Amino acid sequence: MSSSSGAQSPFSAGHRRALDWLNSGPKRLLIGGEWVDAVSGRRFTTSDPATEQILAEVAEADSADIDRAVIAARKAFESSTWSGISPHTRARYLLRIADTIEQHAEELAVLETLDMGSPVAASLGRVGAAADLFRYYAGWVTKIHGTTSPTDDSRFIYMLREPMGVCALINAWNVPIVMAASKLGPALACGNTAILKPAEQAPLSTVRLAELIHELGLPPGVVNVVPGFGATAGAAMSAHPDIDKIAFTGSTGVGKQILQASAGNMKKVTLELGGKSPNIIFPDADLDRAVDAAVIAFCRNSGQICSAGTRLFVHESLHDEIAQRISAIASQYRIGSPLRQDTQMGPLVSQRQMERVLSYVDSGKSDGARLNTGGQRVGDVGYFVQPTVFSNVSNDMRIAQEEIFGPVLSIIPFRDEEDAVLKGNDTLYGLAAAVWTRDIGRAHRIARALKSGRVWINTYAETDAVMSIGGYKQSGYGREMGAESIEAYTQTKSVLMRL
Ligand code: NAD
C-alpha cells in the first residue's frame, strides 16, 4: 500500500524510505524477539488524515496476543537477561537507541506526519525529543541507587531499588514517538521488560521504532509491541494478572477504566490524562510574546495536545484587544498538507475527531460565546478545521470546561489576580498552566496557587526530558519524565540484617 499524498516533504531521502517501508507489506507484532501475525490473523488499516488514503495494514493484537506478549516479557524479566546485565551495558543499549532514532529521524518524522497529520517540521522536532529522552534515561541507568540507613551497631539496614517487572505501556495517538520514548526510556533504564501498545489511529512510527530497536539486538522479549484497539488489546493489558505495572496516556474516561481493571492484581499505575489548561495574561506582560505564544498554545498539533492552552484568561481591560490580535494571527494560519515545510497546521487525526471538534463549535455558538474567527472545516478531503477563537466565554460553558482536543480557544475575561486563579482552577483538570506578567512576585504567587502539574511563566509548552509532567485532579495519577519516572518504574525493598 502507499501514501498517495501528492505533496513531498522537504526530507526527500527520509520520505522515500518512509514510502518504501510502507510499501514493504503489512506491519506485524513484535513478541519475544519475533515479528508475528496476530493469533486471529486479523489486521486493521491506518490512513493519512490529510488525504484519507490508506497507508498500511497492521496486525491487530487482541487478548490472545497480549497473553503471548506477557509470557515473552515475563520470561525475559525473570531470566535477568535485561535487569541482570551490567548497568553500563544497559546504558549503552539506550544510547544506541537514541543514535538509531537520530539516524532515521526524517523517515520517522515523515511516517508520524503521514499517520497523524502533524506538520513534518514539528514531527522532526519530536523525533529529536524522543532521542533526547533515551539519552537522558541512559544517563540514569548507572545512577539508580538504593540507600543505607543509620542504625545501631548490631544491625545493617539498607534499601534496594528494583524494577517493577513486566510493564504495559499504552499510548494515545497525538505525539506517538515522544510518548513511546517517555515510557520505554525509563522502563528499560530501570531493568523492566515492556509491552507497548500504540494507539490504533497512528501506530506506524512506533512500529518502525520497534524495528530499529529490534535491529540493535536487545534480548528477546525485553521490548514487545502490540498495535491493537483499546477495547480488546488495551483492556486485556489492563486486566492481565501477570502484568506488574501499567503506564497509560490517554483520555480521563479510559484512565478511570484502566484504574478499575488494574485493581485485580494491584498493578502499579501511572496515568497521563486530559487537560483544559489555563493561560493567564496580565496587562503588564510582554503582550507581543504572550499573544504569539497564545496562538501556538491552542493551534500546535491542531490543538491535539494534552497541555494545549485552550482557556485564555485575559484581564478585562485588554480582553477585546487581545481577542482581536489573536484572531488576526489565527485567521492567517497556513493550513494544508502537513508534508509541506511551511504548513503551520495540518489536519485532525480522524473524521470522528473533526466531527467532535465541530460539534463543540456549535455548542460555543449556542451557549452565546462570541465567535471571532474560524469554526469551519477547510476543504472536503482530509480532516482540516480552521483555528477557532471564541471570546467573552463564560467559564461554565462546555467549550471552557470540556477537553475538545482541537484548535478551539476560549477567551475569558478576569478582574484581578484572585479572580484569575479562581477561574483558572475551576476545572476538573490540572495538567498545565501558564502566567504572563513582569511582576515576579505575582508570577511566583500564581505558579503556587494554580493546581497544575506544570506551570510556565512567560512562556508556553516548553519542555525538557528533565521536567516531569503529570496531573493534579483528574489529569492523572503519578508523574512521567524527569527523575520521577525512575520512581515510577521501580519499587523499593528494605533489608534489615542482624550482624
Ligand atoms: P483514549 O483514551 O481513547 O486512547 C488512548 C489509548 O488507550 C489508545 O491506545 C487506546 O487504544 C487505549 N484504550 C482505549 N480504551 C481502552 C481500554 N478500555 N482499556 C485500555 N486501553 C484502552 O485517548 P485518545 O483519544 O487516543 O487520546 C487523547 C487523550 O489523550 C486526550 O484526553 C489527551 O489529553 C490525552 N493525552 C494526555 C497526555 C498527557 O501527558 N497527560 C499526553 C497526550 C494525550
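The values are calculated or read from the model by the stated rules, or taken from the named source; none is laboratory data. From a predicted model like this one, the values you see are computed outputs, not experimental measurements. Glycine gets a Cβ as well: all are built from the backbone with ideal geometry, and neighbour counts include every protein chain shown. We work out accessible area using only protein heavy atoms, side chains counted, and drop any ligands, DNA or RNA first. Shrake-Rupley method; radii C 1.70, N 1.55, O 1.52, S 1.80 Å.
Scan region 13-40 for residues that are over 21 Å from TRP173 (Cα atoms) and open to solvent by 50 Å² or more (accessible area, probe 1.4 Å) and the total you get is 10. What number of residues in region 177-201 are more than 23 Å from LYS256 (Cβ to Cβ) and near the ligand (Cβ under 10 Å from one of its atoms)? So the answer is 1.
If you go through region 231-246 and keep only what is in contact (Cβ under 8 Å) with a residue 60 or more places away in the chain and of a type outside the set (A, V, I, L, M, F, W, C), you end up with THR232, GLY234, SER238, HIS240, ASP242, ASP244, LYS245. Answer yes or no as to whether ALA465 is closer than 30 Å to MET164 by Cβ, buried (at least 18 other Cβ atoms within 10 Å of the Cβ) and hydrophobic (A, V, I, L, M, F, W, C). In short, yes. Considering region 239-255, and only residues there that are within 9 Å of the ligand (Cβ to nearest atom) and not small (Gly, Ala, Ser), the residue that is surrounded by the fewest Cβ atoms within 10 Å (Cβ to Cβ) turns out to be THR252. Every test in (1) open to solvent by less than 10 Å² (accessible area, probe 1.4 Å); (2) farther than 23 Å from GLY453 by Cα; (3) within 14 Å of the ligand (Cβ to nearest atom) is passed by ALA323 save one, and that test is (3). The set of residues from region 250-261 being over 16 Å from GLY430 (Cβ atoms) and assigned to a helix (DSSP H, G or I) comprises GLY253, VAL254, GLN257, ILE258, LEU259, GLN260, ALA261.
Among the residues of region 209-227, none qualifies, meaning not one is more than 27 Å from SER47 (Cα to Cα), within 13 Å of the ligand (Cβ to nearest atom) and either open to solvent by 10 Å² or more (accessible area, probe 1.4 Å) or among the acidic types (Asp, Glu) (or both). The residues on offer are ASP62, ASP48, and the sole one that is surrounded by fewer than 21 Cβ atoms within 10 Å (Cβ to Cβ) and modelled with pLDDT of 95 or more is ASP62.
If you go through region 464-499 and keep only what is hydroxyl-bearing (Ser, Thr, Tyr) and under 17 Å from the mean Cα position of the chain (by Cα), you end up with SER468, TYR472, SER475, TYR477, SER485.
Of the candidates ALA172, ALA187, ALA236, ALA231, the single residue that is open to solvent by less than 10 Å² (accessible area, probe 1.4 Å), modelled with pLDDT of 95 or more and either of a type in the set (Gly, Ala, Ser) or assigned to a loop (DSSP other than H, G, I, E, B) (or both) is ALA187. Exactly one residue out of ARG352, ARG356, ARG311 is within 16 Å of the ligand (Cβ to nearest atom), basic (Lys, Arg) and open to solvent by less than 50 Å² (accessible area, probe 1.4 Å), and it is ARG311. Here ALA122 passes the criteria (1) open to solvent by less than 10 Å² (accessible area, probe 1.4 Å); (2) over 28 Å from SER238 (Cα atoms); (3) within 16 Å of the ligand (Cβ to nearest atom) except the one numbered (1). Of the listed requirements (1) open to solvent by less than 70 Å² (accessible area, probe 1.4 Å); (2) without any contact (Cβ under 8 Å) to a residue 12 or more places away in the chain; (3) in a helix (DSSP H, G or I), ASN301 misses just one: (2).
Of the residues making up region 283-291, none is farther than 28 Å from PRO49 by Cα and within 16 Å of the ligand (Cβ to nearest atom).
Of everything in region 478-491 that is buried (at least 17 other Cβ atoms within 10 Å of the Cβ) and part of a strand (DSSP E or B), the residue that is farthest from the ligand (Cβ to nearest atom) is THR490.
Screening region 466-477 for residues that are within 14 Å of the ligand (Cβ to nearest atom) and touching a residue at least 60 places away in the same chain (Cβ under 8 Å) and picking the one that is nearest to ALA130 (Cα to Cα) gives ILE469. Assessment of region 78-86 against the conditions (over 24 Å from the mean Cα position of the chain (by Cα) and open to solvent by less than 10 Å² (accessible area, probe 1.4 Å)) yields at least one matching residue. Annotation note: of GLY368, GLY364, GLY346, the sole residue that is assigned by TED's automatic domain parsing to the domain that holds THR427, in contact (Cβ under 8 Å) with a residue 40 or more places away in the chain and either within 20 Å of ASP292 (Cα to Cα) or out of contact with any helix residue (DSSP H, G or I) (no Cβ under 7 Å at 6 or more places or on another chain) (or both) is GLY346. Checked across region 262-279, the condition of being touching an Asp or Glu at 6+ places or on another chain (Cβ under 6 Å), within 16 Å of the ligand (Cβ to nearest atom) and assigned to a loop (DSSP other than H, G, I, E, B) holds for at least one residue.
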